[in-house]
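What follows is a set of notes on a single structure, which appears directly below.
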Amino acid sequence: MSRILAIDYGLKRTGIAVTDELQIIASGLTTVFTKDIFAFLKEYTEKESVELFLVGEPKQMDNTASESEIIIIPFINRLVEEFPNIPVKRVDERFTSKMAFQTMIDSGLKKNQRKNKALVDEISATLILQSYLYSK
């Protein structure tokens, strides 16, 4: 089997999580600067088999699209263009940042470690991926 790669896309940083090859376990992979995301994905997909990209879908509480959807749509369009053989699915990402922060607290990270926004993005991507795996 191939891996599933989840993306928590942001203006500055993008969190990335990935499954094992059996698609059982979601693990945080890294956080990259958004300007470098396509170079990273190209390099990663050359080394690893990826069968699906999951991209977080920010929504308001009333289920309408969040303002940040405006920056995500062009990213998804380019993702489809650059990787035509890898489908893209969207996953509701409401509360993932709050849940990521709580995960950091629960795991005992010190206050200054919890300020690491790159880690929050990576954990958020992992939560997006885990949510998808649970729904399968």
> Going through the range 17-40 one residue at a time, which ones are hydrophobic (A, V, I, L, M, F, W, C), over 12 Å from the mean Cα position of the chain (by Cα) and under 26 Å from K136 (Cα atoms)?
Replying inline: L22, I24, I25
>> When the residues of the range 22-63 are narrowed to those that are surrounded by 14 or more Cβ atoms within 10 Å (Cβ to Cβ) and of a type in the set (D, E), which ends up modelled with the lowest pLDDT?
In response: E57
> Going through the range 18-48 one residue at a time, which ones are closer than 18 Å to E81 by Cβ and either in contact with a strand residue (DSSP E or B) (Cβ under 6 Å, 6 or more places away or on another chain) or among the acidic types (D, E) (or both)?
Replying inline: T34, D36, I37, F40, E43, E46
>> Kindly evaluate N112 against the criterion of being more than 14 Å from T14 (Cα to Cα), of a type outside the set (F, W, Y), part of a loop (DSSP other than H, G, I, E, B) and modelled with pLDDT under 80.
In response: no
> Restricting the range 8-51 to residues that are touching a Leu at 6+ places or on another chain (Cβ under 7 Å) and aliphatic (A, V, I, L, M), which is nearest to P74 (Cα to Cα)?
Replying inline: I16
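Please find, within the range 1-21, the residue that is surrounded by the most Cβ atoms within 10 Å (Cβ to Cβ) out of those that are under 21 Å from S131 (Cβ atoms) and of a type in the set (K, R). Please lay out each step first, then the result.
Residues of the range 1-21 that are under 21 Å from S131 (Cβ atoms), as a first pass: 1-10, 13-21.
Restricting the remaining residues to those that are of a type in the set (K, R) gives 3, 13.
Working: R3: 18, R13: 20.
In this case the residue turns out to be R13.
The values are calculated or read from the model by the stated rules, or taken from the named source; none is laboratory data. This is a predicted model, so every value here is computed, not measured. FYI the Cβ positions are ideal-geometry reconstructions off the backbone, even for glycines, and counts take in every protein chain you see.
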